[in-house]
Amino acid sequence: MKFDQQRFAEGVLFTDFYQLTMAQVYHRQGIHETTAQFDYFFRSYPDYGIHQAGYCVNAGLETFMDWISEAVFRDAEIDYLKHLQDSQGRALFTSEFLAYLRGQPVCSGLSMRSIPEGRVVHPYIPIATVQGPLIFAQLIETSLLNHLNYQTLIATKAVRIFESGMGQVMLEFGLRRAQDRAGLAGARAAIIGGAAGTSNVGASAVLGWQPSGTHAHSLIQAIVALGGSELDAFEAYAESYPDSCILLVDTYDTLDSGIPNAIRVFEKLKAKGHHPIGIRMDSGDLAFLSIQAARLLDQAGFPDTKIVLSNQMDELVIWQIITQIKEEAARYNVDADRLIQRLAYGVGTRLITSEGDPALDGVFKLVAIRPQAEWIPAIKISENPEKTLNPGNKQIWRLYDTAHKAIADVMSLEREDLCSLPAIHLHHPTDETKHRLLDCNEISEVENLHETILEDGRLVYDFPSLEEIRQTRASDILRLHSGVRRLMNPHTYHVSLSDELWNLKKDLVLKYKNGKKDSS
């Protein structure tokens, strides 16, 4: 049997096999339409090979909603499932189960609340909460994790790189090293995290963004091999792109050939009324070369041209370059601060592949079920305290101090109203020895983080533009204390449970550890 590759790879069957086998069990047990609640959260910040991050940036929600809006069990998908067999040659899925799925959108009856994209997020806090028929809430798990885990991982890496470059232009150049179509999702997440653009033309078209890029060494090599020169190559490029000209200057000799030839071309452009953008360097001691490039460009009357650096860039490499510039620029009569402000960074492999930590450990867990009118909290208990779930139907709050900086994210039961309490008793989500009483006089604002995205299978949320998401990210980052934003050894941001939620969790752990669970 042959199937359309894109439909079957990216449609409703974009899932793990066990989601379907569990769905059939739910159906056969007659509990498939019982209302359930699943929470999506991660347990630890990613470690990108330096130190664990002090925060994450939420991304991937709109991409996931694009998937869910198109994911339907059409005839072709049902026919494929009908032909799957067990080891004895028997059909794996019953005709009754497949008849139930046929024609069903995977979002049937589902409601979803989520922290919006671009917001800062922290471990254990439910980023998204899904309620609805057990069977469909289960079936969306894999796709939800795929979309949100990866984009949150890349957006967080991107903002760390952007912050290490002191807010100067950072471009995403990683498509050639991305894992297949992850290049599209990665480019989007990188822009959310701070990249000014991407070299990925297809992603730029989809996102409504201007693609970015310069040229490769091969342009110069080809023209030189055919009898021309580096200067000829630069002039040919400048003739085609006189007002967006960035020249790669390290094909042969950066200081004695590349930059002087670039300056000659820039002088011709300037005489014709054009404004050259800058140069790019892709090898060598980039801090030293940046200082020398600035010196030569300043002397030639181009004090504002950009100096773009590429080649295995990440937050630590950029931090080292800036540190070296601050130490060495003065001896060459170059203003270090001014030079740092004219730098831009082309970041590829280490961003798009998330060098250091290849995955976010996000999970999607059943925390409550409602067979009738009342919610029944559900819990999973583990010998590892960090894997014991925070049960029940919850609200998510962010507390701000009198300096209007975020100081804690708090999970409470749905019925609780933190705003009405004179003081809030906060519990560590996994360590029962850690708790504190926070006087409400220390709090300037209590914010409910969740917004409604889906209601009964219908999208009810207006997604912001990519630029608005970027502004949200920038605003949230500014409301973090500087210690949490730190690149190395960041302060631990407080994630807490309310008194009522902590007591519920403790009671459920005691109940099930004492053997009072049923035989299932």
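The values are calculated or read from the model by the stated rules, or taken from the named source; none is laboratory data. Note that this is a predicted model, so its numbers are computed, not measured. All Cβ positions, even for glycine, are placed from backbone atoms using ideal geometry, and neighbour counts span all protein chains on display. Surface accessibility is based on the protein's heavy atoms, side chains included, excluding ligands, DNA and RNA. Shrake-Rupley method; radii C 1.70, N 1.55, O 1.52, S 1.80 Å.
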Report task. Report Rg/Rh for region 99-198, rounded to two decimals, where Rg is the Cα radius of gyration and Rh the Kirkwood radius. Result -> 1.08
**Report entry** Placed amide H near Val57: partners under 5 Å, 5+ positions off or other chain
**Finding:** Val121, Thr156
Query - Modelled FRET efficiency - R0 35 Å, Lys82 with Ile31, Cβ distances, 0.05 increments - result: 0.90
Report summary line: The answer for region 155-221, accessible area per residue at 1.4 Å probe in Å², is 40
**Report entry** Volume per residue of the C-alpha convex hull in region 113-156, rounded to whole Å³
**Finding:** 75
Requested in this report: Skip the ligands, DNA and RNA, and give the accessible area per residue of region 260-324 with a 1.4 Å probe, whole Å².
Outcome: 41
Query raised in the report: Roughly speaking, to the nearest percent, how much of the chain's 1.4 Å accessible area is carbon and sulfur?
Result: 49
Report summary line: Checked region 355-415 against the a/c 1.5 cut and the a/b vs b/c comparison, axes a ≥ b ≥ c from its Cα gyration tensor; verdict oblate
Report task. Starting from the exponent 0.38 and prefactor 2.2 Å, build the expected Rg for region 298-445 from its residue count and divide its actual Cα Rg by it. Result -> 1.70
Report task. Counting other Cβ atoms within 10 Å, keep those with at most 10, restrict to DSSP loop, and tell me which trypsin sites (Lys or Arg not before Pro) in region 372-418 are left. Result -> Arg415
Query raised in the report: Per 5 Å bin, what percent of the C-alpha pairs of region 206-255 does each bin hold, from zero upward?
Result: 5, 19, 28, 23, 12, 6, 5, 3, 0
Requested in this report: Output the Kirkwood hydrodynamic radius of region 14-163, Cα pairs only, in Å rounded to one decimal.
Outcome: 17.0
Report task. With a probe of 1.4 Å, find how much accessible area region 419-458 has per residue, and write the answer as a whole number in Å². Result -> 60
Requested in this report: With both partners inside region 274-412, how many of the DSSP beta bridges are antiparallel, as a percent to the nearest 5?
Outcome: 55
Query - Helix axis angle, 259-271 relative to the chain longest principal axis, alpha carbon, degrees - result: 80
Report summary line: With region 73-149 reduced to its Cα atoms and the Debye formula applied, log10 I(q)/I(0) at q = 0.12, 0.13 1/Å amounts to -0.49, -0.55
Query raised in the report: Dividing the convex hull volume of the Cα atoms of region 137-178 by its residue count, what figure in Å³ per residue is obtained?
Result: 78
Requested in this report: Take the eigenvalues of the Cα gyration tensor for region 208-298, scale each by 5, and report the square roots as semi-axes in whole Å, largest first.
Outcome: 18, 17, 15
Query raised in the report: To one decimal place, what orientation-averaged projected area in nm² is obtained for the convex hull of the Cα set of region 386-520?
Result: 11.8
Report summary line: Between the Cα axis of helix 230-240 and the main Cα principal axis of the chain, the angle (0 to 90°, nearest 10) is 60
Query raised in the report: Going 7 Å from the Cα of Asn441 toward and past its Cβ, which residues in region 389-419 have a backbone nitrogen under 17 Å from where you end up?
Result: 401-403
Requested in this report: Give the dimensionless ratio obtained when the Cα radius of gyration of region 146-294 is divided by 2.2 N^0.38 Å.
Outcome: 1.17
Query - Relative contact order, percent, the chain [alpha-carbon distance under 8 Å, six or more residues apart] - result: 19
Report summary line: In whole Å, largest first, the alpha carbons of region 246-348 cover along the principal axes 40, 30, 22
Report task. Just the Kirkwood number for the chain, please: inverse of mean 1/r across all distinct Cα pairs, in Å, one decimal. Result -> 25.8
**Report entry** Entries of Lys365/Lys511; Lys394/Lys511; Lys326/Lys405; Lys268/Lys306 with Cα pairs more than 24 Å apart
**Finding:** Lys326/Lys405
Requested in this report: Could I have the simple spin-label model distance between Asp253 and Ile369, label points 7 Å from Cα toward Cβ, reported in nm to one decimal?
Outcome: 7.6
**Report entry** Helix-only CD estimate at 222 nm, as mean residue ellipticity for the chain, using -39500 (n - 2.57) per DSSP H run (n ≥ 4)
**Finding:** -11500 deg cm²/dmol
Requested in this report: Can you tell me the relative contact order of region 280-403? Whole percent, Cα pairs under 8 Å, sequence separation 6 or more.
Outcome: 20
